[in-house]
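Below: one structure, written as structure tokens.
The values are calculated or read from the model by the stated rules, or taken from the named source; none is laboratory data. As the structure is a prediction and not an experimental result, all values here were calculated from the model. In this analysis, Cβ positions are derived from the backbone assuming ideal geometry, glycine residues included, and neighbour counts consider all displayed protein chains.
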Amino acid sequence: MAVFEANDSCWAGRPFVDKIGLTTGVSSDQQANAIAFDQADVVELPASDVRRAAQRGVRTASSDSVELFALVFEASRPAVQDAHFRQAISLAIDRSSIADVILQKQGIPAGSLLPNWISGYAHLFPVAADLPRARDLLAASARENSRSAPLVLLYDSGDAEAHAVADRVAVNLQEVGIKVQVSVQTANAKAKPMADVRLVRRRLAAPDPAAALSDLLDSLGEPAAEMGTTEQIYGAERAPIDAFRVIPLVHVSESYGLSPQVRDWMAPRWGGWDLADVWLGPSQAGGGNSP
């Protein structure tokens, strides 16, 4: 545990809280239990736990969407060379069910890399599934799905939400006849498992479209692009999506559980913890949940 004490000589004035104890390396289940049983004042909540925490009487707060779940294809793998096949995968995925069921309405279906509150044009990217069109594209692709080896989908073994999202993607693809093998990537693995497509989760770097997109493209292995104007940013974002090298799935908020003692908590739009004006007071009856 790290302990931070108030600085009486701070140039901006003394913080309201005298001392903060910060415990790291705590699982999401332990954090959810700690806030429910009044053993912590502020915890991070996975998107899939926010509704359950609220039902247990926990105050919750969320940022705007600051994370992206997406599929990234391995360009060297023969199984995913055909663009029609990759497009069929995109059209087969029910993003709304991932956002509403798997992520308990804490996610927004995504057809773009950047959320709309950052770019202003995310609505131009379609998100709806189209199973008949997906089946037509499969028929036109060079891949013989009925006789081929399963598509290998890799996700981070330390991320329970990624596991759930990967399983739902696999179910969607199987509905159009694509066999899928869901595998895990462990942090201490000596060799990287061979995968056709990876499920990635990326925290956006900044609330600025050019900075966020530049960092995101780099982390996804996409080439750098000129982003001096909105048109250039839009074009740079469309390129990997239109080529179906990257398939956005959902944008996700950052969420928190708050004890009844926490006062003046404001969830920054960009996420994170802004503790400068937070203070602790006696519990208030019928506090309810914050928006």
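Residues checked against (1) touching a helix residue (DSSP H, G or I) at 6+ places or on another chain (Cβ under 9 Å); (2) in a helix (DSSP H, G or I); (3) farther than 18 Å from ARG203 by Cα; (4) not small (Gly, Ala, Ser):
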residue: GLN87; (1), (2), (3), (4): yes, yes, yes, yes
residue: LEU91; (1), (2), (3), (4): yes, yes, yes, yes
residue: SER96; (1), (2), (3), (4): no, yes, yes, no
residue: VAL101; (1), (2), (3), (4): yes, yes, yes, yes
residue: GLN104; (1), (2), (3), (4): yes, no, yes, yes
residue: ILE108; (1), (2), (3), (4): yes, no, no, yes
residue: HIS123; (1), (2), (3), (4): yes, yes, yes, yes
residue: ARG133; (1), (2), (3), (4): yes, yes, yes, yes
residue: ASP136; (1), (2), (3), (4): yes, yes, yes, yes
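Taking the criterion of being of a type in the set (Lys, Arg), touching a residue at least 60 places away in the same chain (Cβ under 8 Å), out of contact with any strand residue (DSSP E or B) (no Cβ under 6 Å at 6 or more places or on another chain) and in the same structural domain as ASN116 (by TED's automatic domain parsing), would at least one residue in region 172-183 satisfy it?
Among the residues of region 172-183, not one is of a type in the set (Lys, Arg), touching a residue at least 60 places away in the same chain (Cβ under 8 Å), out of contact with any strand residue (DSSP E or B) (no Cβ under 6 Å at 6 or more places or on another chain) and in the same structural domain as ASN116 (by TED's automatic domain parsing), which makes the answer no.
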Note to self: Just to be sure before I move on: is ARG168 surrounded by 15 or more Cβ atoms within 10 Å (Cβ to Cβ), basic (Lys, Arg) and either closer than 16 Å to ALA79 by Cβ or without any contact (Cβ under 8 Å) to a residue 60 or more places away in the chain (or both) in the structure I sent?
What the structure shows: no
Note to self: Please verify whether GLN104 is free of Cβ contacts under 8 Å to residues at least 60 places away in the same chain and at positive phi, treating the condition exactly as stated.
What the structure shows: yes
Check: What is the one condition in (1) free of Cβ contacts under 8 Å to residues at least 60 places away in the same chain; (2) of a type outside the set (Lys, Arg); (3) not in a helix (DSSP H, G or I) that SER253 does not satisfy?
Finding: (1)
Next item on the list: Within region 239-277, track down each residue that is within 26 Å of VAL197 (Cα to Cα), buried (at least 20 other Cβ atoms within 10 Å of the Cβ) and aliphatic (A, V, I, L, M).
Entry: VAL246, ILE247, LEU249, VAL250, VAL252
